[in-house]
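**Q** Here it is: the structure, laid out below.
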Amino acid sequence: MNQPAPAVSPTLDTLFQRTLMRQPHAPALLDPLNKARVTGHQPRRMTYAEADTAIEALSAHFVESGLPANSVIAIQLPNTVEFVLTVLAAHRAGLVVAVLPLLWRHAELTAALNRTAARAIVAMSKVDGVSYADLAMHAAAEAFSIRYVCGFGTDLPEGMASLDDVLARPPGTARAVIQDGRKAAMISFDVTAEGFRPVPRPHFSLIAGGLAMSLEADIRQGATVMAAFTPMSFAGLASSLAVWLLCGGALALHHPFENDVLEQQINAHECEVLIAPAQLALRLGDSNLAARLPSLRNVIGLWRAPEQVATSEAWTSPHAPLTDVYLFGEAGLFGARRGEDGMPVPVMPGPHGAPREQSGSSIAGEILVTPKGTLGLRGPMAPIAAYAPPQPAGDALIAHPPRDYVDTGYAARIDRTSGAICITAPPSGIMAVGGYRFLSNDLQEWARRLGQGALLTALPDRLSGHRLAGRAQDNARAREALSELGLNPLMVEAFRDRSGAI
């Protein structure tokens, strides 16, 4: 008599195939309406069956291209259907996805590819006029592990395989892969006081992040979800891919940001859920949201600067309650749905369920204040090994017990009156411009390379955490020099010409 196979936790592809079996012809993926402007492609609308065919074709192509199971495939793609298809196809082929933010240029791309020993890289030919195919080819030339470079779009450089051609022909050879949620699914990248840090995660960690958001926000099964958050991070994947697969509805994508296009998309697709940066969500909620976006029933606002939640303005659209999601780089997240008064609710230390106020709910994680007065996280989302403190010098032969939580570095304390957690400041020595984090010491190093008299500084900014400002004797030459160093546009444009500013 055959014994039943032991139960394993699901993967993202397992969740996709469950919905595929149940409703193959239901809408699954909806491209941005302005995709032609962003990438040159016409927008796609795909059912679960159509998406499965595309995933099968891409997965087979990765196998036929000689990528071994469990190897790393890096992707640098916009928030479009191609991103979702590529991630799910890589998982179906047994690969681990390393997500590379679109802001990254040569220096950061090369560092990430070498640190992860990536075997392949996938890019879009152009995004907003920038040739990401060329960036991928140049970075791959300096990453010894890269064996395969491919992309979507036209005018791909010589040596770069076209994935549009792959989608246009029948799927090829498949590879049997054990679907187990404990296997590695993704690698994202963080910056801590110790520097640049790859952060690997299994499938169950991504799913835990999606559950924490979808259960706290009370997203209904079968909902149409609008994801308007950059996907190249743990929070980006959890809030788009994982939330969509858990609710089994349709995923509409918006490449950040065009407010008019975003509202047009929400109405055109009758989206019930909006997932966006919290500051953008609050701005949308300022003026008559119920009349402008009548289909919305839930709004999830993602805070890259979680220390700002407590002082944020009230949410004034009760027909679509706001759920605050606190992001701590790549270390983890937690959510708290606002009360009837529209103000942020107190977050207590200790285990937190999803939904938070429901007794007996599943534990999504645990929040604590560390002995250093910083916020710590533990639970299925927290990649403890990735954030383990470095071994002290000279102690190579001494075993140190592993820490059982991730120290986010955010300053925190317990309020004496309410007992709630108060997050008071971001990690010391780290700057953040939106989702881009870097060491404050790097500013001085980059300015030093520009010669005498050059200044590069980060100024506090309510919307994005910080904004960069630079000054040099010749701003045009400074921009050119930073580009030659392979730095991203945030650094380069700090030296933009302000002579016409009022």
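The values are calculated or read from the model by the stated rules, or taken from the named source; none is laboratory data. Predicted, not measured: the structure shown is a model, and the values here were computed from it. Glycine also receives a Cβ, built like all others from the backbone with ideal geometry; neighbour counts cover every protein chain displayed. For the accessible areas, the whole protein counts, side chains as well, though only heavy atoms, and no ligand, DNA or RNA atoms are used. Shrake-Rupley method; radii C 1.70, N 1.55, O 1.52, S 1.80 Å.
**Q** Going highest first, how would you order 327-337, 363-373 by mean Cβ packing within 10 Å? Before the final figure, lay out each step's value.
**A** Details: 327-337: 25.5, 363-373: 16.1.
Order by mean packing, descending: 327-337, 363-373.
**Q** Quote the charge dipole size of the chain about the Cα centre in Debye, to the nearest 20; the model charges only the Cβ of Lys and Arg (+1) and of Asp and Glu (-1). Can you show the working numbers first?
**A** Working: 41 positive and 46 negative charges, 92 e Å.
So the magnitude is around 440 debye.
**Q** I need the peptides 145-157, 265-277 ranked by packing, meaning the mean over residues of other C-beta atoms within 10 angstrom, with the highest value on top. It would help to have the intermediate numbers written out before the result.
**A** Details: 145-157: 19.2, 265-277: 22.5.
With the highest mean Cβ count within 10 Å placed first, the list reads 265-277, 145-157.
**Q** Averaged per residue, what accessible surface does the stretch 83-199 expose to a 1.4 Å probe, in Å²? The partial results should precede the final answer.
**A** Values: 4540 Å² over 117 residues.
With all protein chains present, the stretch 83-199 gives 39 Å² per residue.
**Q** From the list [x] 14; [y] 18; [z] 24, can you say which value of percent of Cα pairs over 43 Å apart was derived from the structure given?
**A** Only one option fits the structure, namely [x].
**Q** Show which lysines lie in cross-link reach of residue 126 when reach means a straight Cα distance below 29 angstrom and same-chain residues fewer than eight apart are skipped.
**A** The qualifying lysines are 35.
**Q** What are the ³J(HN,Hα) values, in whole Hz, obtained from phi via the Karplus relation 6.51 cos²θ - 1.76 cosθ + 1.60 with θ = phi - 60°, for each residue of the stretch 239-247 in sequence order, with x given for Gly and Pro?
**A** 7, 9, 4, 5, 4, 4, 5, 6, 8
**Q** Roughly how many percent of the accessible protein surface of the stretch 329-385 is carbon and sulfur, given a 1.4 Å probe and a whole-percent answer?
**A** Details: 1410 of 2590 Å².
It is 55 percent, rounded to a whole number.
**Q** OK, next. Can you order the peptides 244-256, 195-207 by their average number of other Cβ atoms within 10 Å per residue, highest first? Let's see the in-between values first.
**A** Values: 244-256: 24.5, 195-207: 19.7.
Answer by packing, highest mean first, reads 244-256, 195-207.
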